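Structure first, then comments.
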Amino acid sequence: MHLSLYHVTSLDPSLTSNSKSPISYSDIFNKDQDRVRYIQSKLANKVDVKSSDRTLGPKLVSTPLKSGLSIGSGNYYVKIGFGTPPKFSSMIVDTGSSLSWLQCEPCAVSCHPQVDPIFDPSTSKSYKTLPCSSTQCSSLKASTLNDPGCSTSTKTCVYKASYGDSSFSIGYLSQDLLTVAPSYTIPGFVFGCGQDNQGLFGKAAGILGLANDKLSLIGQLSNKNGYGFSYCLPTSFSSPNSSKEGFLSIGTSSFPPSSSFKFTPLIKNPKIHSLYFVDLSVITVAGKPLGVAASSYKVPTIIDSGTVITRLPMSVYTALSNSFVKILSKKYPQVPGFSILDTCFKGSLKDLSSAVPEIQIVFQGGANLPLKAENTLLEIEDGTTCLAIAGSPEDNPIAIIGNFQQQTFTVAYDVANSKVGFAPAGCQ
């Protein structure tokens, strides 16, 4: 930790973070790899983090979801209002985070540049901090995996949210009115009001946590909306300046008709209860299963909006890469890899799209993601296009289905019934 949780208000307020240059693929992939290593480290060490247990309900609220490339992130964001009157902020949506937080004035230690005005809690009629004795403060250890602190002068609860790339936010645990949509507000929403925020958050105001935890957005709304949510991530990297919108819907009535949907069970992992684990069954290329043993797929597998590039166990990835090379290299020569992407070809995305085979990622029960070219290939520079999937280390194998492969699918998390499903063509 860079500073004492117990003395956050006494630090030099002149400390500020440096502005970063526009985001690049290297930035995105480096941050992505750090996130994967962080998840692997948590799975390697048993942490007793209890998930919330809530029931379904009929209500629904939906808000637009946009690509984060325009604000310097490889993830996706929504505009959410905090306070009375509401001040809207661009918040990164993250199924791997429990506690939501945003940067707050007076930025006692450090705030990074963001596209929206920094939230000033003193202007909100409904804002309050939570004391160290509150039940919400006691829940922070389970939600953030960090012990809460306590302000020595005000007895206000102090949180720390930390991430795999060494990014973090430290500040006061707070409550305020949350405006999700113009006609939908949530009083007393619990979140972190960040006073020291450092790392690779782009120009977002903060993180909107959607993990399976009682302090996450869905955990706090479950009694009102039903314990579930869905989203559709619009196409991002192939059109970074596009105005395309997807959606984030809170509530189980947001799910498409069952005829268009295929579900797979959510698996409880004893090490991290808050993440969304599934069982991976098989992967096919052009309709043919990869030539690997069934046991190769038996690794912890997570559906994650905050990881960009899908990771597969190395034996599975190697077989997938070899199948791709066998088909595409007949027409498109291989070229050196780029960062974490090592299966690359000479040719544009448009050129390769007509020749790329369909990949099917199949889960327990038959739910699947049929990946076309836009979910499979990434043109990292003019004339160089790569398979947008990477391998995970053999000494700590893991599979993560990243947001690049989820683009344009509606992904529904029916947490109350312990299942997640996929429907095609939810957005563009």
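The values are calculated or read from the model by the stated rules, or taken from the named source; none is laboratory data. Worth saying up front: this structure is predicted, and the values here are computed from it rather than measured. Here the Cβ positions follow ideal geometry from the backbone for every residue, glycine too, while neighbour counts run over all protein chains shown. Keep in mind that these areas ignore ligands, DNA and RNA; they rest on the heavy atoms of the full protein, side chains included. Shrake-Rupley method; radii C 1.70, N 1.55, O 1.52, S 1.80 Å.
A few points about this structure:
- Hey, Val190 open to solvent by 10 Å² or more (accessible area, probe 1.4 Å) and not basic (Lys, Arg) or not: no
- Pairing each residue of region 381-405 that is in a strand (DSSP E or B) with any residue that is of a type in the set (Phe, Trp, Tyr), provided the two are 6+ apart or on different chains, yields C-beta distances under 7 Å for Thr385/Phe345; Cys386/Phe338; Leu387/Phe324; Ile389/Tyr317; Ala390/Tyr317; Gly391/Tyr317.
- Per the conditions (1) assigned to a helix (DSSP H, G or I); (2) modelled with pLDDT under 95; (3) open to solvent by 60 Å² or more (accessible area, probe 1.4 Å), the sole criterion not satisfied by Phe324 is (3).
- For region 193-215, the tally of residues that are open to solvent by 10 Å² or more (accessible area, probe 1.4 Å) and among the small types (Gly, Ala, Ser) stands at 2.
- For region 120-131, the candidate set comprises residues that are of a type outside the set (Ser, Thr, Tyr) and assigned to a strand (DSSP E or B); within that set, the residue that is least open to solvent (accessible area, probe 1.4 Å) is Pro131.
- Residues located in region 153-192, provided they are within 21 Å of Ala205 (Cα to Cα), in contact (Cβ under 8 Å) with a residue 12 or more places away in the chain and not in a strand (DSSP E or B): Tyr163, Gly164, Asp165, Ser166, Ser167
- Subset of region 132-152 [open to solvent by less than 90 Å² (accessible area, probe 1.4 Å), part of a loop (DSSP other than H, G, I, E, B) and touching a helix residue (DSSP H, G or I) at 6+ places or on another chain (Cβ under 8 Å)]: Leu145, Asn146, Pro148, Ser151, Thr152
- Qualifying residue in region 167-178 (condition: surrounded by fewer than 21 Cβ atoms within 10 Å (Cβ to Cβ) and in contact with a Phe, Trp or Tyr (Cβ under 6 Å, 6 or more places away or on another chain)): no
- Region 270-296: number of residues that are free of Cβ contacts under 8 Å to residues at least 40 places away in the same chain and within 26 Å of the chain's Cα centre (by Cα): 2
- Members of region 360-383 that are over 18 Å from Gly306 (Cβ atoms), open to solvent by less than 20 Å² (accessible area, probe 1.4 Å) and not hydrophobic (A, V, I, L, M, F, W, C): Thr376
- With respect to the stated conditions, Phe422 fails to be on the phi < 0 side of the Ramachandran plot, within 18 Å of the chain's Cα centre (by Cα) and outside any strand (DSSP E or B).
- Complete set of residues in region 338-372 that are within 12 Å of Gln405 (Cβ to Cβ) and either in a helix (DSSP H, G or I) or modelled with pLDDT under 95 (or both): Lys372
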